[in-house]
Amino acid sequence: MPDQKPEFVENSASAPAATAAGSPLDRAIDRTKAYLLSLQHPDGYWVAELESNATMVAEYVFFMHFMGIWNPRRVEQSRNTLLKTQQDDGGWPLFYGAPSDISTTVECYAALRMAGVSPKAKEMVRARKCIAQRGGVRNSRVFTKIFLAMLGQSSWADIPAMPVEIILLPKSFYFNIYEMSCWSRGTVVPLTIVAAHQPVWPLKPEQAVPEIFTEADRDLSVQSKKKGLNWPNFFLFVDKVLKFLGKSPIKPFRGWALKRALQWTLDHQEPEGDFGGIQPAMINSMLALKLMGYENDDPLMVKGYEAIDRFLINRDDQLIFQACVSPLWDTSIACNALMDAGLPGDHPAIVKAGEWMLKKQVTRPGDWTVKNPHTPPGGWAFEFYNEPYPDCDDTAEILMALDRTAFPDTIWKDKEMKRAFTWLLSMQSKNGGWAAFDQNNDHALFNQIPFADHGAMLDPPTVDVTGRVLWMLGRINHDVNDPMVQRALQFIKNEQESDGCWYGRWGVNYIYGTWLVLTGLRSIGEDPSQSYLRKAAEWLKAHQNKDGSWGETCQSYADPSLRGKGKSTNSQTAWAVMGLIETDEPHSNAVKRGIEYLVRNQQEEGSWYEDEFTGTGFPRHFFIKYHLYQIFFPLMALARYRNKNQ
């Protein structure tokens, strides 16, 4: 498997030179337009690193061990990455500037030991101290304990039951797999195959990690956190029953369930080799195939390895393993930002990007058809290859970009936009909102199951996705009196926080949600003088930093009192500025100061930079830094400010 390095490709031929004339605002916009155009791939798309946390690299080390593909060069690169990202307290965080996380630290420690780092090394001594200070291995997440069990460092008996027989439950049953979010489904189904086999790929004695376990870690099973009769305790009781039954040699449905789960996993592999478009689904699926007898040279396995390689970034002496890749997301927002900034819809770069996106439209049914069986396929995924799971958020953003693009072949554009539009509207949930991937995915008890300690088993409707859909509907002049639009409007009103802001599920956090809601509402013609919109605008202004910026920490998910508070970032400043512009405040002092902050902090080549993570994977548990957010959102904000003040 050759190393691959998906980096930006300079495309200076399509990039106009930044003009020297004009105001500082004009020059800032022109510099960023030129810079962003220079990052376009020759095929027409934009994509940048999707940065997450160090568990991605640690788990890749585990994966190489499990699969028998130990690559000394990649192990060395992984070791370098882990050592470089270790914090002063010895641990590893979930996002930049966060406290060290126990699960991440346990996994990174184990990976470093596997990579040959001595337990006596100062980095390892500090890491063990950090693990102890955070309550020891017993406080780590279930998935971390599964990895330790597969490495022979702990017992499978401590892992919550994940019966593969769940694949046999009918779709009418409350706990069937199609009531999980798509990312959980793609991860859990192959993981149940793994759990049925309970494999152990033991480490060599010199790689083992007994030193991180204390006497208190003898029992790593999930424990009750609250006494009495409640759903978590009920499921812990069920877990004990399932484990007891699992010890019986008689498992009448096990063989049938394994075959069904295997076939489901195979059916969800893309022709290009990807599974679900995310790291957990891809790793678990490959492990499942191995345990079901597939050899590494099997064509399906070879394709799977190639797909995983596409998630890797080889950066000199380091290896980055992305949790996902975001070309369709990056491309659509880049196009909209550039057109906001004055690039015409018939510009060759925009047309090429539009043609690339049209070619990537989903053309075959996916899991969404279980609840929505009568709608033809449409929409777009987030990644290069993930047809079973088109994304409502991406689809709305892409539809806005395509609507503004002047294609030579308007028949092709109109046909595909209509198909995608039909699909997107059909994905509205009963409460009026849109989720990212699923419809009516709100069986809350799933998050109480013992192995669901990450609390992200569901994909319920959210105001940020719904706001973007309304933004799109207003832009393409959809009838705002449509009952569907009115249901969405009521959903958003019901979800407003008491202080005026809105929660952001897919971006950090209340600044993101508030911006998208305000933009969507203004797009469908809501009067910004209404009290609930004025309340949102006042919330944004009240949370502006002294330097004119805005910032919000990822910790606001765990502690809502921190909402709207945090270190200044360019992307969040841009969101706040755009939110205020949509409430008829383009001339306000708050907006002016936000724009001045962005112009002042622009780098010479036209970019911006921020260390902070402003994207969200799973609130509280998994965060993302999209490396283009710090570029195209400030461009969008500057352009919209200029457009409103011309």
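Does at least one position in the range 611-624 carry a residue that is of a type in the set (Asp, Glu) and under 28 Å from GLY22 (Cβ atoms)? So far as the range 611-624 goes, no, none of its residues is of a type in the set (Asp, Glu) and under 28 Å from GLY22 (Cβ atoms). Checking GLY378 against (1) in the same structural domain as LYS415 (by TED's automatic domain parsing); (2) touching a helix residue (DSSP H, G or I) at 6+ places or on another chain (Cβ under 9 Å); (3) at pLDDT 95 or above, which single condition isn't satisfied? Of the numbered conditions (1) in the same structural domain as LYS415 (by TED's automatic domain parsing); (2) touching a helix residue (DSSP H, G or I) at 6+ places or on another chain (Cβ under 9 Å); (3) at pLDDT 95 or above, the odd one out for GLY378 is (3). Reported count of residues in the range 550-565, each being within 14 Å of TYR512 (Cα to Cα), in a loop (DSSP other than H, G, I, E, B) and out of contact with any Pro (no Cβ under 9 Å at 6 or more places or on another chain), is 6.
If I filter the range 331-344 down to residues being of a type in the set (A, V, I, L, M) and part of a helix (DSSP H, G or I), which single residue comes out as nearest to ARG468 (Cα to Cα)? In this case the residue turns out to be ILE333.
Selection over the range 104-143 of residues that are of a type in the set (Ser, Thr, Tyr) and assigned to a helix (DSSP H, G or I) gives a count of 3. Within the range 541-551, none of the residues are at pLDDT 95 or above, of a type in the set (Asp, Glu) and either within 22 Å of the chain's Cα centre (by Cα) or under 16 Å from GLY507 (Cβ atoms) (or both). Has the range 360-382 got any residue that is buried (at least 24 other Cβ atoms within 10 Å of the Cβ) and part of a helix (DSSP H, G or I)? Yes. For MET357, indicate whether it is surrounded by fewer than 22 Cβ atoms within 10 Å (Cβ to Cβ) and assigned to a helix (DSSP H, G or I). Judged against the criteria, MET357 is not a match. Screening the range 165-187 for residues that are under 25 Å from the mean Cα position of the chain (by Cα) and assigned to a loop (DSSP other than H, G, I, E, B) and picking the one that is modelled with the lowest pLDDT gives PHE175. Pairs linking a residue in the range 589-610 that is part of a loop (DSSP other than H, G, I, E, B) to a residue that is charged (D, E, K, R), with Cβ atoms under 6 Å and 6 or more positions apart or on different chains, are GLY606/ARG31.
Can you tell me which residues in the range 64-88 are touching a strand residue (DSSP E or B) at 6+ places or on another chain (Cβ under 7 Å) and of a type in the set (Val, Ile, Thr)? Across the range 64-88, the qualifying residue is only THR81.
Condition check ((1) in contact with a Gly (Cβ under 8 Å, 6 or more places away or on another chain); (2) of a type outside the set (Phe, Trp, Tyr); (3) more than 26 Å from ARG505 (Cα to Cα)) across all residues:
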| position | (1), (2), (3) |
| --- | --- |
| TYR557 | no, no, no |
| LYS567 | yes, yes, no |
| GLN572 | yes, yes, no |
| VAL577 | yes, yes, no |
| HIS587 | no, yes, yes |
| GLU605 | no, yes, yes |
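Being in contact with a Lys or Arg (Cβ under 7 Å, 6 or more places away or on another chain), under 28 Å from SER607 (Cβ atoms) and not in a helix (DSSP H, G or I) is the requirement here; does GLY22 meet it? No: the conditions fail for GLY22. Scanning the range 464-508 for residues that are at pLDDT below 95 and not in a helix (DSSP H, G or I) yields ILE476, ASN477, HIS478, ASP479, VAL480, ASN481, ASP482. The number of residues in the range 52-85 that are closer than 17 Å to VAL117 by Cα, under 25 Å from the mean Cα position of the chain (by Cα) and outside any helix (DSSP H, G or I) comes to 1. Answer with yes or no whether THR105 is within 21 Å of ARG315 (Cα to Cα) and at pLDDT 95 or above. For THR105, the condition - within 21 Å of ARG315 (Cα to Cα) and at pLDDT 95 or above - is not met.
Give all pairs with beta carbons closer than 9 Å in which a residue from the range 253-282 that is in the same structural domain as ILE177 (by TED's automatic domain parsing) and free of Cβ contacts under 8 Å to residues at least 60 places away in the same chain meets a residue that is hydroxyl-bearing (Ser, Thr, Tyr) and surrounded by 21 or more Cβ atoms within 10 Å (Cβ to Cβ); count only pairs at least 6 apart in sequence or on separate chains. As it stands, the answer is LEU266/SER285; GLN269/SER285, since those pairs meet every condition given. Note on the range 314-330: among residues that are outside any loop (DSSP other than H, G, I, E, B) and of a type in the set (A, V, I, L, M), the one that is nearest to GLY507 (Cα to Cα) is LEU328. So which residues in the range 425-439 are within 16 Å of ASP367 (Cβ to Cβ) and not aromatic (Phe, Trp, Tyr)? Hits for the range 425-439 are SER426, MET427, SER429, ALA435, ALA436, ASP438, GLN439.
The values are calculated or read from the model by the stated rules, or taken from the named source; none is laboratory data. These numbers were taken from a predicted model, which means no experiment stands behind them. Because the Cβ atoms are built from the backbone with ideal geometry, glycine has one as well, and the counts that use them run over all protein chains shown.
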